[in-house]
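Heads up: the structure comes next, in structure tokens.
The values are calculated or read from the model by the stated rules, or taken from the named source; none is laboratory data. Note that this is a predicted model, so its numbers are computed, not measured. Here the Cβ is made from the backbone with ideal geometry for all residues, glycine too, and neighbour counts use every protein chain on show. With ligands, DNA and RNA removed, areas are computed over all heavy atoms of the protein, side chains included. Shrake-Rupley method; radii C 1.70, N 1.55, O 1.52, S 1.80 Å.
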Amino acid sequence: MKALVYLGPGEKAWKEVALPKIQHPTDVIVRIDTTTICGSDLHILKGDVPAVTPGRILGHEGVGTITEVGSSVTSLAVGDNVILSCIKSCGHCNFCKQGLFAHCLGEEGAVGIGWIFGHLIDGTQAEFVRVPYAETSVYKVPEGVTNQQAVMLSDILPTGFEIGVQNGQTKPGDVVAVIGAGPVGLAVIMTAGLYGPSKIISIDLDANRMEQAKKFGATDGVNSGDPQWKKKVMALTDGWGVDVAVEAVGLPATFDMATQIVRPGGHVANVGVHGKPVELRMQDLWIHNITISMGLVNTNTTPMLLKLVAEGKLNVDKFASHHFKLDEMLAAYDTFSRAAETKALKVIIER
Ligand SMILES: NC(=O)c1ccc[n+]([C@@H]2O[C@H](COP(=O)([O-])OP(=O)(O)OC[C@H]3O[C@@H](n4cnc5c(N)ncnc54)[C@H](O)[C@@H]3O)[C@@H](O)[C@H]2O)c1
Ligand SMILES: [Zn+2]
Ligand SMILES: [Zn+2]
């Protein structure tokens, strides 16, 4: 089969590799019908995620058809159309029992790390993928939900909601600022809307993405390239700052921005994947009674979000900006990595 193989920082190839095989009774094999590219894949290609070693098939988002089931799998069958979650869940370890799937103690990939696809085991940017702990890690696509909609549930929707909106403890009436208007930042904006904030301020360097953010529920946009950016954000609050500042980029500078605009008593929710240390200005921040959170998505909210998508309450088709075939994978990467020029949001890659 063909797959997108990581060959070291800056190097990748769409090439012939061996078909995946069932390795454990709880595995299934899925034929990928729809996949996409994440900002995290770009971080990997920059060399920010050293756990990814050359030879790894990338990708942690996908929807596909089960072609083979392991001997202990009873609730899934060949032919089922399923969403592959970016997080594994063995279903019976202590962390899984708490819904903390991000730290599943199952041995696949690494004990204690939920994100394994395209990271610690081969991923979804391929014609076929082996899915460990399948019964507790995939979701059947409900009637009426398209693959394009379903693939937004693999990662961006639960990530934006859990690590941005829920960790930020967003409440009705809050002023929420979201730094970074990539697909993940836009997912924060869309799902923050579920809590009725009074304002959602989108902050990015890319004017197109900030314009797009309005379609996802942002009420205001501030360009962080503007030397007056902070003054402009503060002017949209009561003068004391935003209630919730979400970092959805993954850079020291943007994390610092979040700490500069949060009000006393407010929340900074870091979503971005970081590759370098950030400086925390404790000497200024300690007295502000702020809460800082960070984390890897658990995907425990996937069933709830999927219900909202199925009922038409979250219009996730807006995320899809470009369409490619699987064998146009390199073109899809090129388009997604030059989002400022190509206006790409989520690139939908189909069989
Ligand atoms: N915590 C998790 O579980 C989790 C899961 C998935 C993705 N992520 C991370 O979320 C982040 C966003 O993902 P994405 O797919 O939306 O990425 P992306 O690269 O598409 O988007 C990043 C956005 O940040 C903007 N940006 C860059 N520098 C900026 C600056 N100085 N000020 C304001 N905006 C700036 C870019 O213009 C872009 O629109 C990435 O770091 C990704 O790795 C985290
Ligand atoms: Zn991702
Ligand atoms: Zn587990």
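A few comments on the model shown:
- The test for being of a type in the set (Ser, Thr, Tyr), in contact with a Cys (Cβ under 8 Å, 6 or more places away or on another chain) and open to solvent by 10 Å² or more (accessible area, probe 1.4 Å) holds for TYR133.
- So LYS307, is it within 16 Å of ligand 1 (Cβ to nearest atom), part of a helix (DSSP H, G or I) and open to solvent by 70 Å² or more (accessible area, probe 1.4 Å): no
- GLY225 open to solvent by less than 70 Å² (accessible area, probe 1.4 Å), in a loop (DSSP other than H, G, I, E, B) and small (Gly, Ala, Ser): yes
- Qualifying residue in the range 15-37 (condition: of a type outside the set (A, V, I, L, M, F, W, C), within 16 Å of ligand 1 (Cβ to nearest atom) and either out of contact with any His (no Cβ under 7 Å at 6 or more places or on another chain) or open to solvent by 50 Å² or more (accessible area, probe 1.4 Å) (or both)): yes
- The one condition in (1) within 15 Å of ligand 2 (Cβ to nearest atom); (2) open to solvent by 10 Å² or more (accessible area, probe 1.4 Å) that VAL52 fails to fulfil: (2)
- Residue list for the range 271-302, filter: among the aliphatic types (A, V, I, L, M), open to solvent by less than 70 Å² (accessible area, probe 1.4 Å) and outside any loop (DSSP other than H, G, I, E, B): LEU285, ILE292
- The set of residues from the range 258-270 being open to solvent by less than 20 Å² (accessible area, probe 1.4 Å) and outside any strand (DSSP E or B) comprises ALA258, THR259, ILE261.
Matching residues to (1) among the aliphatic types (A, V, I, L, M); (2) buried (at least 22 other Cβ atoms within 10 Å of the Cβ):
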site	(1), (2)
GLY164	no, yes
LEU205	yes, no
MET210	yes, no
THR219	no, no
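- Evaluation of GLY144 against (1) in contact with a Lys or Arg (Cβ under 6 Å, 6 or more places away or on another chain); (2) part of a loop (DSSP other than H, G, I, E, B) (one fails), failing number: (1)
- Any hit, the range 11-25, residues being at pLDDT 95 or above and assigned to a helix (DSSP H, G or I): no
- Candidate set: the range 67-114, residues that are in contact with a strand residue (DSSP E or B) (Cβ under 9 Å, 6 or more places away or on another chain) and within 16 Å of ligand 1 (Cβ to nearest atom); chosen: the one modelled with the lowest pLDDT: GLY109
- Residues within the range 310-330 that are part of a strand (DSSP E or B) and surrounded by 16 or more Cβ atoms within 10 Å (Cβ to Cβ), tallied: 4
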